[in-house]
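Taken together, the values in this text are just the output of simple stated rules run on the coordinates, not laboratory data. What you see is a predicted model; the values in this text were computed from it and never measured. Neighbour counts run over all protein chains shown; Cβ positions are idealised from the backbone, glycine included.
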Amino acid sequence: MDADHEADPSVAPHADPSAVPAAREPGWTDRRVGRQWAVADLRITTKALPEHNRLRNRAMLLQSLFHDGPRSRADIARGSGLNKVTVSAIVADLIEHGILTELGHSTDVRVGKPATLVAIDDDSRSIISLDLSDTLSFRGAVMNLRGRVVHQKRVDIVTERGADAVAQAIALAEELLALAPAPVLGIGVGSPGVVDREGVVRFAPHLGLFDTDLRGALGDRFDLPVHVVNDANGMALAVHTFRENDGRSILIVTIQRGAGAGLIVGENLIDGMDFTAGEIGHVVVDPRRQTECLCGRAGCLDAIVAVPALRRRLDAGEERADVIDDAADALAAAVAPIISLLGATHVVIVGPEDVYDEDFAQRTRVHLAERTLPSTTSSIGVDIASDGALLALQGPLVAVLSAELGIS
């Protein structure tokens, strides 16, 4: 049987007949068949080998249309190396499912019949995105395939921890699902802490979540695909997918209840064997300092740079310049080894702008230069994400796009 026309083993049992089958081969795979997902190939750019099934070819086609815009079937075939019959079959299937749409004839002057352009219909599916990283609230949005917010809601989190926090997330998702204007492709969640590839939050003390199957709880409640990522990893995915960057080495540092990092190197999202890559919050940057972290140790980065800690110091009357410089110095101590080892070229800091501003970014640059060779840090950009709130929602969305359509 032609590999492009094999039965799709990844179709969920509950799948809506109008929904496009999940494309799990290019990126994330389904735990129901005993495999784990891994965001390793962030962008599919090579022709599938004979042993691959049609999913990889479909993902490559969708990836091209997502990032390069409308193209004709012939142009897709030329650019991908796929034969025209395969491209036509994939395009026809995606048009039938409503993912692609025909836009009319190309304006290019060519001999013969004008080519018909096809494009992704950005509004053909809705995605529910939940951000659980904020210190004071959970946020959620209904978004289209391009990451545009259609509806947004926020729920205050005061004392909710553990099972109560999960219940709040489920209630927020339920409200958003009722507002979705199109069939829902899936639910994405960005959570602080250690999140494994099964969607289990292994360690998130700020939310009281320990070995909590967040993916299972949401999936059982809504019977939809659910994908849970560490919040910093999600933001790294969002920058990679939706922002201009060289795509090779991006370090995202998020600071809310604590500090975390998401790192993309060479088109690979680094999550580590135990899913703890980027857990810089519990790096001891100053063991002599009398600060106590939730992990029980003194001098952890979390205890120094967390938003509540800095706000307490500012409210107590400490000089802002001193507080900001102290936090920047601590952050530089944690990330300088990462930059030196992996050659990061772009550092993006995401946090409340009343605390983490351009002055903080500048002080971080200074302290990084103090801790590394000039050749290491001279070309590094350290920026504050002015749209961090949007990135926090787009990250979980990319997790869904990658898992269900092979787009990132």
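Computed values, structure above
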quantity: Length gained when the stretch SER379-ARG221 is fully extended (0.36 nm per residue, less Cα-Cα span); calculated: 52.1 nm
quantity: All-pairs Cα distance distribution in region 206-356, expressed in whole percent, bin size 5 Å; calculated: 2, 9, 16, 19, 19, 15, 11, 6, 2, 1, 0
quantity: Region 214-277: Rg to Rh, with Rh as the Kirkwood radius over Cα pairs; calculated: 1.04
quantity: Calculated FRET efficiency for the pair ASP93/ARG202, C-beta based, R₀ 25 Å, to 0.05; calculated: 0.10
quantity: For region 243-389, share of DSSP beta bridges that run antiparallel, in % to the nearest 5; calculated: 55 percent
quantity: Charge dipole (region 126-235, unit charges on Cβ, about Cα centre) - positive-most of SER133, VAL184, VAL166; calculated: VAL184
quantity: Dipole magnitude of region 160-257, debye to nearest 20 (Cβ charges: Lys/Arg +1, Asp/Glu -1, about Cα centre); calculated: 280 debye
quantity: Region 333-408 and region 249-318: distance between their alpha carbon centers, rounded to Å; calculated: 13 Å
quantity: ALA115 paired with ARG371, simple spin-label distance in nm, labels 7 Å along Cα-to-beta-carbon; calculated: 5.0 nm
quantity: Within region 243-389: Cβ-based charge dipole about Cα centre, in debye rounded to nearest 20 (Lys, Arg +1; Asp, Glu -1); calculated: 360 debye
quantity: Of the trypsin sites (Lys or Arg not before Pro) in region 140-238, those whose Cβ has at most 12 other Cβ within 10 Å and which sit in DSSP loop; calculated: none
quantity: Descending principal axes extents, region 126-235, alpha-carbon based, whole Å; calculated: 35, 28, 26
quantity: Near-label residues of region 112-143 by backbone N, under 16 Å of a point 7 Å along Cα→Cβ of VAL149; calculated: 127-143
